[in-house]
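Worksheet for the structure shown next.
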Amino acid sequence: MLLHGAMDRNTAFARCTRHLHDLHTVRFDRRGYAKSASLGAPTIAGHVDDLIGLFDDRPGVAVGHSLGGVIALAAAQRRPDIVRAVGAFEAPMPWVEWWPTKSAGGEAMSADTGTTTENARDAAERFMRRMIGDERWEALPVQVKRDRRAEGPALLAELRSARSEPAYDPTLLTVPVVAGCGTRSREHHQWAAQELARLVGSGELFVIEGADHSAHVSHHADFAAFVRRVVALAQ
């Protein structure tokens, strides 16, 4: 199972899965995004419910990018009999003291000043500008920008949920965990991966040289190797 992060979609893993043709991979748009936008915006626990439901009691592994990694880890804590190993690439830890307030999620939350649809759309735009830069955002087609802004309610719902309480306890995870990060990623992203690998009893660190937070897109062959490492540990 491949889980995308906030304001992303399953197609971000398309080139990665070409390197995994011998494996049974499943990628899907999480609730609130892209083709699943009409399904609403659940909490992290709701995303975990969705993921476990997709496993349908068949054991496998879950590999998540960014917030998708948080969901994968929470699912493994709840159902280690199904989620047999986890790959979490730069899964955020917004509940810890050292997590920066000016992260992409923090920037989005700063626009969360009310309950109006426009507030949510502004939050989505702030998040995207932080992640891809102002120049790339401005170059996007008008309809793409509208679609991304429309995903604001889903973004805010999961960011609020992730910040309200820890989604999982790394010391309680009993399955193998591979924490991934890129050498060009922001310091807090790398630190989160290092901390996860350190705190999990059966954790290890997987570093992708020259990659940043978007390694699943820019370094798809290396990200596929990351996935294969997770699969190997589940055997």
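The values are calculated or read from the model by the stated rules, or taken from the named source; none is laboratory data. Computed from a prediction, not measured in an experiment: that's the story for all the values here. Cβ: placed from backbone, ideal geometry, glycine included. Neighbour counts: every protein chain shown. Ligands, DNA and RNA are stripped out before the accessible areas are found, and what is left, the full protein with its side chains, is counted by its heavy atoms. Shrake-Rupley method; radii C 1.70, N 1.55, O 1.52, S 1.80 Å.
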Each label sits 7 Å from Cα toward the beta-carbon; between LYS102 and LEU172 the label points are separated, in nm, by 3.5 nm
Ignoring GluC sites (Glu not before Pro) that are buried or in helix or strand per DSSP, and keeping those with at most 11 other beta carbon atoms within 10 Å, what is the longest stretch of the chain between them?
98-208
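Counting only other residues whose beta carbon sits under 10 Å from that of GLU138, what net charge do I get with K and R as +1, D and E as -1?
It works out to a net charge of +1.
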Summing +1 per Lys or Arg and -1 per Asp or Glu among the other residues with Cβ less than 11 Å from SER218's Cβ gives 0
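Which whole-number value in Å² is the accessible area per residue of the chain, probe 1.4 Å?
Numbers: 10790 Å² over 235 residues.
Accessible surface, normalised per residue, equals 46 Å².
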Can you tell me, using C-alpha contacts under 8 Å and at least 6 residues apart, the relative contact order of the chain as a whole percent?
22 percent
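Magnitude of the Cβ-charge dipole of the chain, K/R +1 and D/E -1, about the Cα centre, nearest 20 debye? Walk me through the numbers before you get to the answer.
Details: 28 positive and 29 negative charges, 86 e Å.
About 420 debye.
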Expected max-MSF residue from LEU54, LEU67, LEU155 in the GNM of the chain (alpha carbon, under 10 Å) is LEU54
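Counting only protein heavy atoms and using a 1.4 Å probe, what share of the accessible area of the chain belongs to carbon plus sulfur, as a whole percent?
On the way: 5290 of 10790 Å².
Summing carbon and sulfur atoms, their accessible area is 49 percent of the total for the chain.
All other residues with a Cβ under 14 Å from the Cβ of LEU20 taken together, and with Lys, Arg as +1 and Asp, Glu as -1, what is their net charge?
Numbers: positive: ARG15, ARG18, ARG27, ARG228, ARG229; negative: ASP22, ASP222.
Around LEU20, the charge tally is +3.
Relative contact order of the stretch 98-235, please, whole-number percent, based on alpha carbon pairs below 8 angstrom and at least 6 residues apart.
Details: 164 pairs, mean separation 24.8, N = 138.
For the stretch 98-235, the relative contact order is 18 percent.
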How much solvent-accessible surface does THR117 expose, in Å² to the nearest 10, with a 1.4 Å probe and all protein chains in place?
80 Å²
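Hey, what number do you get for the chain at 222 nm if only DSSP H runs of n ≥ 4 count, each worth -39500 (n - 2.57), divided across all residues, to the nearest 500? Display every interim value, and only then the final one.
Values: 11 runs with 110 residues, N = 235.
So the calculated ellipticity at 222 nm is -13500 deg cm²/dmol.
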Accessible-area ranking of MET128, MET109, largest first, probe 1.4 Å
MET109, MET128
From most to least accessible, 1.4 Å probe, no ligand or DNA/RNA atoms counted, LYS145, LYS35 line up as LYS35, LYS145
Expressed as a whole-number percentage, the relative contact order of the stretch 161-235 with C-alpha contacts under 8 angstrom and at least six residues apart is 32 percent
Among [x] 115; [y] 127; [z] 174, the entry derived from the coordinates for volume of the Cα convex hull per residue in Å³:
[x]
Any chance you could look up the accessible area of ASP22 with a 1.4 Å probe, heavy atoms only, rounded to 10 Å²?
100 Å²
